[in-house]
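The values are calculated or read from the model by the stated rules, or taken from the named source; none is laboratory data. Bear in mind that the values here come from a model prediction, so they are computed numbers and not experimental data. Glycine also receives a Cβ, built like all others from the backbone with ideal geometry; neighbour counts cover every protein chain displayed. The protein model used for the area step is the full one, side chains on, heavy atoms only, and it has no ligands, DNA or RNA in it. Shrake-Rupley method; radii C 1.70, N 1.55, O 1.52, S 1.80 Å.
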Amino acid sequence: MRTATFVGGAGFALLMSLSAHAVELKLAHAHQDSMESEIHTTSWLFQKYAQDFGTNFNVTIHPNNQLGQEREVYEAMQLGSGADCIISGTAILGNFEKKVGVLDLPFLWKDYDHVHRVLDGEVGAELQTALRDSGFEVIAWLDSWGYRNVATTNKAITNVEDLKGLKIRTIPTDTYVKAINAMGANATPMAFGEIYTAMETGVLDGLEHNASIILANKFNEVAHNYALTRHLFGPLAFVCSSTFVSSLSEADKATLQKAAWFARDAQRSLAPLREGEALKALADAGVNVTQVDTAPLQSAAASVQDELATSFEATGLLEKIRAAAK
């Protein structure tokens, strides 16, 4: 039997004050609401920290493009509508600040530690400042749970020549398109929410993504081959609108940042483990996982990196990233 509790006087005023100033935070992302997704896992960790350790945060997660495709969400955030924050790959941010494209160059990253040294250092800080001009605050840089590889519906990829002519979905940015085309495939830009049906109907021959996302979105139901090309890493970014962040009190800004860093640290620590688990799960599910010698592509990657970095006006950033690998 429920009993009513009445609060009067100063207690009632305090409750009303907290309610009136509650921070309602809408967090969007494109992935399924699955803990196999690094983005949804990060969202969940952030939500729990903010609500349990912040005094007045109410975080609602909107997965699976519920608030629109990623670019639409970012554009709405610039106008002060829709989501307050979003977690996405860094590639989509290249539509708003071209220098960010340097993070998604092919065969760029040595390992997870290399990514962390760069993004938690001078390069990450410079890109955060640049994105602020577009109305975005990057509150954390995150890991993908593994390198991006090529999944195909019918044709197994055993060497780089097998990629020629295949229609491979990629993120609709110049960086990814040129990277996939340089591998010999036909890059096919497409919104994330359209991939499954496009492969099912034959519009696509496959996609490129990490193993965790293949599993989380059940792409393995239509893509039965997975070639370990490790051509891109694809860091992630936790981004809030500058308007939203500026509306917060200093205490709430601190909670927002602490929650994002907590989620980042936990998500990063899981990355190597989840990558291995996802690759094993794909193989156990009957996906044909193949090793590919990408040495010919890697040797040619430096010139592609230089060309793209020049177009992004990010040659200085590229040199800093290369230096951090040593």
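Pairing each residue of segment 54-79 that is surrounded by fewer than 17 Cβ atoms within 10 Å (Cβ to Cβ) with any residue that is in a strand (DSSP E or B), provided the two are 6+ apart or on different chains, yields C-beta distances under 6 Å for Asn58/Glu24; Thr60/Lys26.
Within the group Gly193, Gly146, which residue is more than 14 Å from Thr90 (Cα to Cα), part of a helix (DSSP H, G or I) and within 16 Å of the chain's Cα centre (by Cα)?
Being more than 14 Å from Thr90 (Cα to Cα), part of a helix (DSSP H, G or I) and within 16 Å of the chain's Cα centre (by Cα) holds for just one of Gly193, Gly146, which is Gly193.
If you go through segment 308-321 and keep only what is open to solvent by 50 Å² or more (accessible area, probe 1.4 Å) and free of Cβ contacts under 8 Å to residues at least 12 places away in the same chain, you end up with Thr310, Thr315, Glu319. Of the residues making up segment 244-253, those that are open to solvent by less than 40 Å² (accessible area, probe 1.4 Å) and assigned to a helix (DSSP H, G or I) are Phe244, Val245, Asp252.
Condition first: part of a strand (DSSP E or B) and open to solvent by 10 Å² or more (accessible area, probe 1.4 Å). Now tell me which residues in segment 210-226 satisfy that.
Asn225 - this is the single residue of segment 210-226 that is part of a strand (DSSP E or B) and open to solvent by 10 Å² or more (accessible area, probe 1.4 Å).
When segment 152-181 is filtered for residues that are at pLDDT 95 or above, hydroxyl-bearing (Ser, Thr, Tyr) and touching a helix residue (DSSP H, G or I) at 6+ places or on another chain (Cβ under 6 Å), only Thr153 remains.
For segment 289-307, the set of residues classified as without any contact (Cβ under 8 Å) to a residue 60 or more places away in the chain, open to solvent by less than 70 Å² (accessible area, probe 1.4 Å) and farther than 30 Å from Ala130 by Cα consists of Ala295 only.
Mind telling me which of the residues Gly276, Gly286 ends up being within 11 Å of Ser212 (Cα to Cα) and surrounded by fewer than 19 Cβ atoms within 10 Å (Cβ to Cβ)? Being within 11 Å of Ser212 (Cα to Cα) and surrounded by fewer than 19 Cβ atoms within 10 Å (Cβ to Cβ) holds for just one of Gly276, Gly286, which is Gly276. Note on segment 161-186: residues that are among the aliphatic types (A, V, I, L, M) and either part of a loop (DSSP other than H, G, I, E, B) or open to solvent by 20 Å² or more (accessible area, probe 1.4 Å) (or both) total 6.
Kindly evaluate Ala198 against the criterion of being among the hydrophobic types (A, V, I, L, M, F, W, C), open to solvent by 30 Å² or more (accessible area, probe 1.4 Å) and part of a helix (DSSP H, G or I).
The answer is no for Ala198.
State whether one or more residues within segment 88-99 are touching a residue at least 40 places away in the same chain (Cβ under 8 Å), outside any loop (DSSP other than H, G, I, E, B), among the aromatic types (Phe, Trp, Tyr) and over 19 Å from Ile195 (Cα atoms). No: segment 88-99 contains no residue that is touching a residue at least 40 places away in the same chain (Cβ under 8 Å), outside any loop (DSSP other than H, G, I, E, B), among the aromatic types (Phe, Trp, Tyr) and over 19 Å from Ile195 (Cα atoms).
Could we say that Ala259 is within 28 Å of Phe46 (Cβ to Cβ), out of contact with any His (no Cβ under 7 Å at 6 or more places or on another chain) and open to solvent by less than 70 Å² (accessible area, probe 1.4 Å) here? The answer is yes for Ala259. Among the residues of segment 123-139, is there at least one that is more than 25 Å from Gln305 (Cβ to Cβ) and of a type in the set (S, T, N, Q)? The answer is no; no qualifying residue exists.
Considering every residue within segment 227-243, establish whether at least one is within 19 Å of Thr158 (Cβ to Cβ), open to solvent by less than 30 Å² (accessible area, probe 1.4 Å), in contact with a helix residue (DSSP H, G or I) (Cβ under 7 Å, 6 or more places away or on another chain) and in contact (Cβ under 8 Å) with a residue 12 or more places away in the chain. Yes, segment 227-243 has at least one match. Scanning segment 284-299 for residues that are part of a helix (DSSP H, G or I) and farther than 23 Å from Tyr176 by Cα turns up at least one hit.
Does Ala185 fit the bill of being closer than 22 Å to Ala300 by Cβ, in contact with a Gly (Cβ under 8 Å, 6 or more places away or on another chain), among the hydrophobic types (A, V, I, L, M, F, W, C) and touching a residue at least 12 places away in the same chain (Cβ under 8 Å)? When the stated conditions are applied, Ala185 passes them. Residues in segment 57-87 that are more than 21 Å from Gly193 (Cα to Cα) and either in contact with a helix residue (DSSP H, G or I) (Cβ under 6 Å, 6 or more places away or on another chain) or of a type in the set (D, E, K, R) (or both): Phe57, Val59, Gly80.
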